[in-house]
Amino acid sequence: MKNRAGWLALLVLVIATLLMVFFVIPRISEPEQEATAPIAPPIETTISDGSAALEKMGRLVTTATSSVEGLSGLFADGKTPTTEAFAAARGTAESAVSALAALEIPEALDAAIKEQMTTVRGYAEETLSLLRNLPTDPQQAASAIAGIVSALKGEEAPSPTPDAPAPAEATPAAEQPAADANSASIMPKFDVLRVEPDGSTVIAGNAAPGAKIEVLNGETVIASVEAGPSGDFAAVLDTPLPPGDHALALRSTGADGTPVVSEEVASVLVPASPDGKLLAMVSKPGEPSRIVTMPETVNEADKQPRVAAEDPSSALPDLPAASTALTAAPPIGADAAAGTESAVSTDIATAETVTEKIQVTAVEIENDRIFIAGTASTKGTVRALVNEQAVGEAAIDGAGNFVVEGQMALAVGAHTIRVELVGADGNIIVAASVPFNRPEGSQVAVVAPPADAANGTMVPLERGAFDKQRDTLAKAFGILQSLFADNGKPSMDDVAAARSSTEIALGALADFRLSDGASAPLTDAVGKTAAAAKTALATIQALPRDVEAVREAMPRLASLIDAVLKAAPALPTEAEPIAQQATETPAASEPAIAESSSPTIKQAPLEASDNSVIIRRGDTLWQISRRVYGQGVRYTTIYLANEDQIINPDLIEPGQIFKVPTDALPNAEEIHRKRLRGQPLN
């Protein structure tokens with residue numbers, strides 16, 4: 001025992017001697033300037049900061065996980081919750097996940113801790129995006145819940161399996177209340193949403209005639225009005241929306257007492273300060289969102305927001321018999337003399353397009369799955385074939401895009417794609433044929449050559465958006481006119497809502513912008529319409545906030561609105577062809593599509609592309625970035641590479657073709673932070 005103690009003492013002495021010789025004495029003899037070197041923060045401080053940051057993150061993760069699991073629990077064992085319970089749980093989850101997504105990471109933290117916190121925050125940001133894109137209908141949202149739980153954990157979303165529990169058994173059709181083919185026509189919808197920076201809100205829309213309309217903020221009723229005989233309604237919120245996020249929905253209750261909740265949801269972000277950024281948009285499951293108000297820093301102010309246009313030719317609500325309200329905007333190119341002698345006619349009709357167009361813009365192949373993207377000049381159904389074998393069908397959305405998905409094993413080499421625009425009667429209106437060579441690889445893409453886009457736009461999407469804005473004005477002013485029909489005595493709130501809708505529609509036309517490559521006739525038409533809209537807007541804005549003042553001004557306003565809608569001169573009905581017919585003789589194996597009885601457009605061959613991706617329904621830039629660059633936060637690389645197509649990175653449209661740079665920007669995350677703070681990205 002004594003020997004052991006002696007050896008220990010000797011060892012301590014040796015260590016002390018070594019420390020003196022190699023560390024202490026050299027330190028004493030170092031130059032004095034070293035004494036002035038910056039002193040690193042005490043390690044206790046760094047550890048303390050790291051512990052506090054991790055503790056805060058832990059609390060936020062626990063809260064977010066609990067709220068998301070609570071939302072998921074509503075769908076356990078195949079159950080489907082009520083709309084109210086789902087909305088409440090979703091709101092709770094959004095708030096908790098939003099707090100985690102906004103987690104601040106101190107710069108002084110250890111690199112490993114910072115990386116961990118950045119990863120967790122990235123998971124939260126992706127989860128928040130998925131939560132905000134959930135449909136309001138619980139039954140439609142059920143399939144996406146598992147993906148949200150997985151996103152928060154940083155896991156891949158599970159694929160549906162045959163053993164997955166089926167949704168709760170539906171009520172037999174015979175016992176369901178009035179949920180027949182007419183349900184879509186009586187479902188309430190937003191036509192106009194106007195939100196001011198202070199939260200003041202005006203809503204106009206359409207529902208079943210005479211129905212009670214309630215505006216819901218989550219599950220709270222914040223306004224209630226009654227739809228008119230035509231189904232039109234307008235509501236002004238008595239109390240402005242407070243700062244923060246809001247999800248507004250419409251609930252209509254008809255004579256049978258059955259409530260119907262809108263599929264559309266208005267998402268509103270009211271800024272906390274006067275100089276904050278206001279965001280308002282209307283979204284519907286399966287369709288792109290309609291951006292109503294957005295921060296100017298997302299894209300430059302002179303860019304024209306793309307609107308998820310509905311069918312411009314769809315019938316608008318009828319108005320009282322004595323009303324002279326507009327029911328639709330006259331089509332560009334319609335004969336101005338075809339109208340009646342009244343300044344604003346109820347007989348304005350949309351002329352049918354004689355010639356429709358369709359085009360394939362890209363094809364993407366993943367093993368045996370094939371995705372065919374394109375554009376068309378009208379809404380409808382597209383049928384796609386490869387080498388005369390059916391691939392599938394898809395609907396054309398309001399922006400004129402479509403994506404057909406199917407299963408087909410294609411060997412490396414030459415193939416031909418045919419897409420057909422199918423009418424309501426099942427007949428083919430027009431078709432397009434395009435050859436392409438399938439490159440080697442399990443995941444490849446081919447796209448229309450850039451020259452095609454430069455030679456003219458086959459499908460006039462901008463003209464469609466312009467026509468839609470004109471129809472929106474016609475309908476908005478029609479609502480205002482209907483209030484005064486038959487010597488009606490509307491309330492100030494109703495007039496204010498309808499007047500605001502008209503002002504918004506006029507402002508949209510006054511500010512409408514075209515791309516640089518737009519045709520001269522369309523540019524001229526938009527310019528004249530914008531000038532007339534500015535005149536009408538100045539007139540209506542100058543009116544006193546008084547019902548009788550608006551009534552007296554109605555004849556003059558009708559004349560000005562009519563001038564706006566007829567300002568566009570006749571435009572050619574034929575769009576420029578996007579591609580000339582190929583001069584080469586088709587291969588012997590190529591089907592003789594040109595001999596088909598339906599008109600067929602022959603496009604130039606598609607070209608291989610290593611950095612293109614077709615946007616499919618449900619895609620987000622975050623998911624694509626995560627797949628390509630390993631981290632979702634690097635999505636800003638894709639956003640900036642396609643800024644001419646993207647108004648809001650959170651709202652991309654199926655059928656769009658994006659360039660995907662090979663390498664992510666080195667400052668991609670910094671750009672993301674700037675965007676969240678509303679700062680300019682460049």
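Key figures for this structure:
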item: Selection within region 234-274 - assigned to a strand (DSSP E or B) and without any contact (Cβ under 8 Å) to a residue 40 or more places away in the chain; result: Gly244, His246, Pro259, Leu269
item: Candidate set: region 189-221, residues that are β-branched (Val, Ile, Thr) and in contact with an Asp or Glu (Cβ under 8 Å, 6 or more places away or on another chain); chosen: the one surrounded by the fewest Cβ atoms within 10 Å (Cβ to Cβ); result: Val221
item: Evaluation of Asp644 against (1) of a type in the set (Asp, Glu); (2) part of a loop (DSSP other than H, G, I, E, B); (3) within 24 Å of Ala102 (Cα to Cα) (one fails), failing number; result: (3)
item: Meets criteria (acidic (Asp, Glu) and crowded, with 17+ Cβ neighbours inside 10 Å) for Asp397; result: yes
item: Which listed residue is buried (at least 20 other Cβ atoms within 10 Å of the Cβ) and farther than 25 Å from Asp238 by Cβ, from Ala538, Ala542, Ala532; result: Ala532
item: Failed criterion for Ile113 (all others in (1) within 27 Å of Glu669 (Cα to Cα); (2) surrounded by fewer than 17 Cβ atoms within 10 Å (Cβ to Cβ) hold); result: (2)
item: Qualifying residue in region 356-363 (condition: more than 29 Å from Ala608 (Cα to Cα) and modelled with pLDDT under 75); result: no
item: Candidate set from region 407-424 (those that are farther than 10 Å from Asn387 by Cβ and within 31 Å of the chain's Cα centre (by Cα)); member that is surrounded by the most Cβ atoms within 10 Å (Cβ to Cβ); result: Val419
item: Verdict on Leu506 being modelled with pLDDT of 80 or more, of a type outside the set (Gly, Ala, Ser) and under 18 Å from Glu196 (Cβ atoms); result: yes
item: First in region 84-109 and free of Cβ contacts under 8 Å to residues at least 60 places away in the same chain and crowded, with 21+ Cβ neighbours inside 10 Å, second anywhere and hydroxyl-bearing (Ser, Thr, Tyr) and assigned to a helix (DSSP H, G or I), Cβ under 7 Å, 6 or more apart; result: Ala93/Ser67; Ala96/Thr63; Ala96/Ser67; Val97/Thr127
item: Subset tally (residues that are part of a helix (DSSP H, G or I) and buried (at least 20 other Cβ atoms within 10 Å of the Cβ)) for region 594-623; result: 2
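The values are calculated or read from the model by the stated rules, or taken from the named source; none is laboratory data. What you are looking at is a predicted structure, and each value in this text was computed from that prediction instead of being measured. Cβ: placed from backbone, ideal geometry, glycine included. Neighbour counts: every protein chain shown.
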